[in-house]
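See below for the structure under consideration.
Nothing in this text is a laboratory measurement; each read-out follows from the coordinates by a stated rule. Everything numeric here is computed off the predicted structure, so don't read it as measured data. Cβ coordinates were reconstructed from backbone atoms using ideal geometry, including for glycine residues, and neighbour counts include every protein chain displayed.
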Amino acid sequence: MFFAKINRKDIVTAHGLQSKDIASVARVLGEKWQNMSEEERDPYMKLFDKDKVRYAEQMKQWRSTQPQKIKLPSSAYAYFVSFIRSHIVETNSSLTFSEIGKELGRRWKMIDATGRLKFQKLADADKLRWLREVRHKDDSDDNNKSR
């Protein structure tokens, strides 16, 4: 970014490009960057490293001002998937992502109510956790409003 920001005007002028022709400007900037030695890139990389620290600090400050989000409860199917997905991938390493999803769905449909009970209990407990957190958040929001 710093390289482009610092050199953009010179490249547009030197190559007779239109400033609004973003694709052409980016292509020339990319070519110039690729042809630079590590020594030539070093000042820009130092600017990048310095800005990376600045950005991390600003993000940390910004995140501390954001309200903490409550994770939604997971379904019984989600617990089933987290339980069995790695086994399916290990035993069928050639399956694609969509084929794994289809296999998970097929296996979920094959499970009877008693087989699903374990996962439903996990989902019910997670829903109770979510309800507690929502109530606690609502209570703390009400307390903060009354002040």
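Here are the numbers for this structure:
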item	result
Charge context of ALA125, other residues only, Cβ under 15 angstrom, K/R +1, D/E -1	+4
Dipole magnitude of the chain about its Cα centre (Cβ charges: Lys, Arg +1; Asp, Glu -1), debye to nearest 20	620
Volume per residue that the Cα convex hull of the stretch 2-65 spans, once the total is divided by residue count, Å³	105
Value of relative contact order over the chain, rounded to a whole percent, pairs C-alpha under 8 Å and six or more apart	23
Ascending count of other beta-carbon atoms within 10 Å, so fewest first, for TYR55, TYR44, TYR77	TYR55, TYR77, TYR44
Alpha-carbon Rg/Rh ratio, for the chain, with Rh computed the Kirkwood way	1.24
Within the stretch 1-85, trypsin sites (Lys or Arg not before Pro) in DSSP loop having at most 15 other beta-carbon neighbours inside 10 Å	LYS20, LYS69, LYS71
